[in-house]
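The structure appears right after this line, and notes come after that.
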Amino acid sequence: MAKNLELIGIDHPQKLVGKNPFDLYDKLCKKTGKHVDHCVIDVFMSSVDFMEGGEPKPWWEFTSRRKLILKQMNNKTQSITFACKDTRPARLCGQVRRS
């Protein structure tokens, strides 16, 4: 995971503060040009939460929240711009670019 973070410009844990985990995921997909497992979003959510003062929690405790956010975004959008080469939206946390 450290190499993935470095790939998207996060070379120190403090740089996670204030970051949007969904944007980090989007950036990683763009940078690698491939589908990255959605569980990586959970890892990003856990890491950002911890660096912003949250209690340490394993990534899987964020899975249900991530799924809820993705479901809400899918329900709200009809036409969106896609970031990766599959069907995941460019922004998944209220910042979707609408066509």
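The values are calculated or read from the model by the stated rules, or taken from the named source; none is laboratory data. Just so we're clear, the structure is a prediction, and the values are computed from it rather than from any experiment. We place every Cβ from the backbone using ideal geometry, glycine too, and count neighbours over all the protein chains shown.
What is the one condition in (1) surrounded by 17 or more Cβ atoms within 10 Å (Cβ to Cβ); (2) not in a helix (DSSP H, G or I) that Met45 does not satisfy?
Status for Met45: all satisfied but (2).
Quick one: would you say Glu61 is among the charged types (D, E, K, R) and not in a helix (DSSP H, G or I)?
No, not satisfied.
If you check every pair at least six apart or on different chains, which have Cβ atoms under 8 Å apart with a residue in the stretch 1-24 that is among the small types (Gly, Ala, Ser) first and a residue that is exposed (fewer than 13 other Cβ atoms within 10 Å of the Cβ) and not in a helix (DSSP H, G or I) second?
Gly18/Glu52
Regarding Asp37, is this residue under 15 Å from the mean Cα position of the chain (by Cα) and surrounded by 16 or more Cβ atoms within 10 Å (Cβ to Cβ)?
no
Take the residues in the stretch 48-93 that are at pLDDT below 50 and in contact with a helix residue (DSSP H, G or I) (Cβ under 8 Å, 6 or more places away or on another chain), then tell me which one is surrounded by the most Cβ atoms within 10 Å (Cβ to Cβ).
Leu92
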